[in-house]
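Visitor: Below is a structure I'd like to ask you about.
The values are calculated or read from the model by the stated rules, or taken from the named source; none is laboratory data. Remember, predicted model here, so these are calculated numbers, not experimental data. Here Cβ is always computed from backbone atoms with ideal geometry, including for glycine, and neighbour counts include all displayed protein chains. With ligands, DNA and RNA removed, areas are computed over all heavy atoms of the protein, side chains included. Shrake-Rupley method; radii C 1.70, N 1.55, O 1.52, S 1.80 Å.
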Amino acid sequence: MTFILPPLPYPENALEPAISERTVHFHHDKHEAAYIDNTNKLIVGTRFENDDLETIVKHSEGSLFNNAAQAWNHIFYFNQFSAQKGMTPEGNILKDIKKNWGSFEQFKEDFVSIGASQFGSGWVWLIKNKKNDLEIIKTANAATPLTLDGCKPLLTFDVWEHAYYLDYQNRRDDALKALWNIIDWRVIEKRHD
């Protein structure tokens, strides 16, 4: 199987000012594309040659895992945004957020705080755990909740410097706070249910 860089579901400038067109271009067209290209090269002649990306992530290790997981993480990340700004959660996802954090505002504060505290590179995630409860976790480098038993990822913010440095330099928490304005909560709701 050959993987291709999925097109963005919006123009590269659609996420401004939260994420600049320049950052989207480098992050999607260069970083994500490299992970996909490397995955394609690394699966040739292996037992993963005909597997889908999720299967590769769940069962590989080393360089193949790092590239496949980063490819998957980035596809998941870019597909949760919308050019339609200022959406808020509704329905079951909002109900579960309020059940776990008391309010949407408290959830956002906790999510940003956990993401900003990730030492080095990685990701911060909203997941549905094996008990079917929502939980915020962080992962280092390419690690992904796909490899955790019974875990379903719902939302992620990329805390690798390449995701925000052109726009925010070392202000990771400001970069994370800005992302709330471009989340497509319809996508998160579908992932949740």
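Visitor: Looking at this structure, is Asp110 closer than 21 Å to Leu15 by Cβ and free of Cβ contacts under 8 Å to residues at least 40 places away in the same chain? Walk me through it before giving the result.
Guide: Details: closer than 21 Å to Leu15 by Cβ: no; free of Cβ contacts under 8 Å to residues at least 40 places away in the same chain: yes.
Criteria not met by Asp110.
Visitor: While we're looking at this one, here's another question. Give the number of residues within the stretch 1-42 that are open to solvent by less than 50 Å² (accessible area, probe 1.4 Å) and among the aliphatic types (A, V, I, L, M).
Guide: Residues meeting the conditions: 9.
Visitor: Just one of (1) in contact (Cβ under 8 Å) with a residue 12 or more places away in the chain; (2) surrounded by 16 or more Cβ atoms within 10 Å (Cβ to Cβ) trips up Trp101, so point out which.
Guide: (1)
Visitor: Within the stretch 145-163, can one find any residue that is among the polar types (S, T, N, Q), part of a loop (DSSP other than H, G, I, E, B) and open to solvent by 10 Å² or more (accessible area, probe 1.4 Å)?
Guide: Checked against the condition, which is being among the polar types (S, T, N, Q), part of a loop (DSSP other than H, G, I, E, B) and open to solvent by 10 Å² or more (accessible area, probe 1.4 Å), the stretch 145-163 yields no hits at all.
Visitor: Yes or no: the stretch 55-73 includes at least one residue that is among the aromatic types (Phe, Trp, Tyr) and without any contact (Cβ under 8 Å) to a residue 60 or more places away in the chain. So that I can check it myself, show each step before the final result.
Guide: If we filter the stretch 55-73 for residues that are among the aromatic types (Phe, Trp, Tyr), which is where we start, we get 65, 72.
So of that shortlist, the ones also without any contact (Cβ under 8 Å) to a residue 60 or more places away in the chain come out as none.
No, every residue in the stretch 55-73 fails to be among the aromatic types (Phe, Trp, Tyr) and without any contact (Cβ under 8 Å) to a residue 60 or more places away in the chain.
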